[in-house]
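Read the figures in this text as sums done on the coordinates, not as results from a lab. For clarity, every value in this text was computed on a predicted model and none was experimentally measured. Every residue, glycine among them, receives a Cβ derived from its backbone with ideal geometry; neighbour counts consider all protein chains shown.
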Amino acid sequence: MTNSKYVVLLERGNHSEEKLLNDYIDGEGIMNGEIDLRTSNDVFDHLEEKSYQVEKTGASISTACSVSLLHRYCYNLPKDMFFNPSPAFIYIDDTEGIICRVILPPNAAFRQVDGQPCQSNDEAKRDACLEALVKLYELGALTDFLLPGSGSRKNKASTTNGSASNSHDDESLREELHEMLIPTILKPSTCKLDCPLNLHFYYIQFFPIPADRHYRIFGLFVINPLPMEAEKLEVDLHLARGRIVKAGMKHLGTISFDEEQMMLARNFQEMFLKVLLDRSEFTVSHVMLLGNSETLQFNSTFYLLLPIKQELYGDIFMIDWPTVKRCLSSPVFKDPTGVSAHGSYLPDESLRLLDNMYSKTDVVGSLIFAPHIKTFFVIHVILNELNARSEYDGATYEDHYKERFGIKLSHPEQPLLHAKQLFNLHNLLHDRLRETTGGRELMEHFVELPPELCSLKIIGFSKDMCSSLSLLPSLMCRLENLLVAIELKDVMLSSFSEASQISASGVSHAIFAPFMLNF
């Protein structure tokens, strides 16, 4: 800079540094001399720039900023941790100059375009980017202000003219949205109930580490057999405190369902899915199950998850129909007008709950709702040695409920219920942050509840069954992902033989692993 002063430190005796500094000083003198002795007064008031303008808004763009805007368009395209969309440039020597070819990412509105012949690579690049932006605007990928984003003319047209044609809306949305893939094996068809339905039976195995919980055995039933790679599926389901449950499946042949069994199975699955996903329906006195039609129509996927039991001797497994029927016979599924009060129980065989008198055998292993804290619990056992007059935190349970909730218990002499709060659904497919280096046994948390504050919802809904139901959604999610990956691998194999070296589990991990953290 003119009139600037600098202090330069050199190593003593280092002649190369001294020479370099002298060259800088000489170069500065030559440059200043050229500036002082210049004779031309020409002013470049016009640079050759191509531009494009939208008449509707007056927005314009030139080759001066075309490169940066094209990069911005690509940046806004869908991406993930494995794919970052950006344009590529190829330069072609032509007799009239240099031509730049722009290649856009596969998910752009088009793939490539060539610019006009230019004198340099930079000029050719700017020209080709301008050509690409003009084409993007003509295809509706840019707004009328020549900007990328959600407000493109394509999206506006689909919302403005939406009422004119439903098919036009569907086409517009299909260009923007990705289809949710459903495995072909699980795609259902209309099932007639007037003839037996044969389903493939897969025994779901749970191996807890450490073995500090009991899990109810469940079976998966599907119309079509699973591929061999899916049969070998093994999943680690990660629980709290580093605990793991290893889950797998074993094919046990086929089993026939008649009309009654199919209705029972569908109603049971609908019941536990309501408990898992929308248990708020069970806060009322009556819940309606929809599986009562003569024809079963499934809209998305079809499979059944049912409790099974093992024969006392041998490795024979069968559906636990008594448990299924017991759950579905719960008062919450019956017409309230047809439910009568139970007055035939002996005093030591029954308990007075919030809504009725019930047998102790029905209360144990049942799902109840406590309205005073708006929480669902599973009853493990009846604590015959404790009642509301027993000591609790320096007082009694009776005093606690009166002071904490303002509730005066009417039957404090009844034994308390040993209850475990119903779980909230979690994604168990990714490893949680471990508080210890390895899994360790964890005591289950129970509370004591007065029976008269509990509304019985589902009988036969045991703690062990709840433990298994908490695992099934994550297991089925992984299975469905693997089935989609197997189908994708088959598609790739039909295109190139090298795909035979790819494992379906590898395809599944590449596609779904980024999304499992948010499941």
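Going by amide H atoms built from the backbone, whose H comes under 5 Å of the H on Gln414, apart from near neighbours?
Under 5 Å from the amide H of Gln414 lie the amide H atoms of Ala388, each far enough along the sequence or on another chain.
List the residues, sorted by chain then number, that are 5 or more residues from Asn427 or on another chain and whose placed amide H is less than 5 Å from its amide H.
Distant-sequence amide H within range of Asn427: zero hits.
Which of the peptides 4-14, 205-215 is most tightly packed, and how do the rest follow, judged by the mean count of other Cβ atoms within 10 Å per residue?
Details: 4-14: 7.1, 205-215: 14.8.
Averaged packing, sorted descending, gives the order 205-215, 4-14.
Taking Rh as the Kirkwood radius computed over C-alpha pairs, what is the Stokes-Einstein D of region 51-153 at 20 °C in a medium of viscosity 1.002 mPa s, expressed in µm² per second?
Values: Rh = 13.9 Å.
Approximately 154 µm²/s, per Stokes-Einstein.
Could you rank the peptides 24-32, 105-113 by their average count of other C-beta atoms within 10 Å per residue, with the highest value first?
Numbers: 24-32: 10.4, 105-113: 14.6.
Top of the packing list down: 105-113, 24-32.
Taking 0.36 nm per intervening residue step and subtracting the Cα-Cα distance, what contour gain separates Asp212 from His426 on full extension?
Working: separation 214, 0.36 × 214 = 77.04 nm, distance 1.94 nm.
Answer, rounded to one decimal: 75.1 nm.
Quick one: in region 184-332, what % of C-alpha pairs are over 23 Å apart? Numbers along the way, then the final one.
On the way: 4904 of 11026 pairs.
Taking all Cα-Cα pairs of region 184-332, the fraction more than 23 Å apart is 44 percent.
Using label points projected 7 Å from each Cα along Cα→Cβ, tell me how many nm separate Ser4 and His286, to one decimal.
Between Ser4 and His286, the label points sit 8.8 nm apart.
Here is the link list: Lys360/Lys457; Lys250/Lys334; Lys374/Lys457. Which ones come out longer than 25 Å on Cα distance? Mind dumping the intermediate values first?
On the way: Lys360/Lys457 14 Å; Lys250/Lys334 36 Å; Lys374/Lys457 13 Å.
Pairs exceeding the cut-off: Lys250/Lys334.
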